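Here the structure is laid out as structure tokens; the discussion comes afterwards.
Any read-out appearing in this document is the output of simple, stated calculations on the displayed coordinates, not a laboratory observation. What you see is a predicted model; the values in this text were computed from it and never measured.
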Amino acid sequence: MAISGAAKGLRTRGSFNVDVKFHGNWVKFNTIAGSMDILLVMALREGSRKFAEEYRDKVKKNIETGGKRFGYAQNSPDYLRRKLRSGGSGTTMNWSGTFKNSIEVIENSKGTQFGVGIPKGKKRSNYGSGDSNSLQVHEYANILEHGLPPKMPKRPVFSDTFTKDMNGKKGLQKYIEFSIMKNFGTKGINVTKL
């Protein structure tokens, strides 16, 4: 913004001889400034959703490998034999793939918050061993996460993946920061982290 003719001072009729001229694309600036809240909310949602999707995929991968990278206790020899006789996988935390395949990105009703978990109501398979499998998948996952001493050691695949693979809250912050930079960048606004 510049003030032209300001050096001339007052006119004889008492009005100021000041002319304000806007330099640059002020129409675009006003449009962007007016929609700043919407752009920010959209960027936050996108960053959170992308983080949740990546987190879901990494949890699934860690379940698929039996949490080897976290050093979880392996199945006892007796339990492993039982699993294999009943057609289950020899990998820890895996039997039929139901646990891994039940993990989803779950969002709130407004679509503003995203999490990763297992919805209630998902049934576990009958493993052909006479086991009634009365637990739903989310209940089984909770037992795995926290353990059931003395028989089942904890295997906190969700929390370990969040802190070790996704870098916890700092990782989420980076996803959101990147999303803000990207979304504002498409509107011609360069955002830098201070």
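Mind scanning K164/K187; K50/K151; K122/K164 and naming the pairs with a C-alpha gap bigger than 30 Å? Don't skip to the answer; put the middle values down first.
On the way: K164/K187 34 Å; K50/K151 37 Å; K122/K164 28 Å.
Flagged as over cut-off: K164/K187; K50/K151.
Please give every one of the aspartates and glutamates within straight-line cross-link reach of K182, meaning a C-alpha to C-alpha distance under 16 Å, and leave out same-chain neighbours fewer than 8 residues apart.
Candidates past the 8-residue exclusion: D37, E46.
What percent of all Cα-Cα pairs in segment 39-194 falls in each 10 Å bin, counting up from 0?
10, 33, 29, 16, 9, 3, 0
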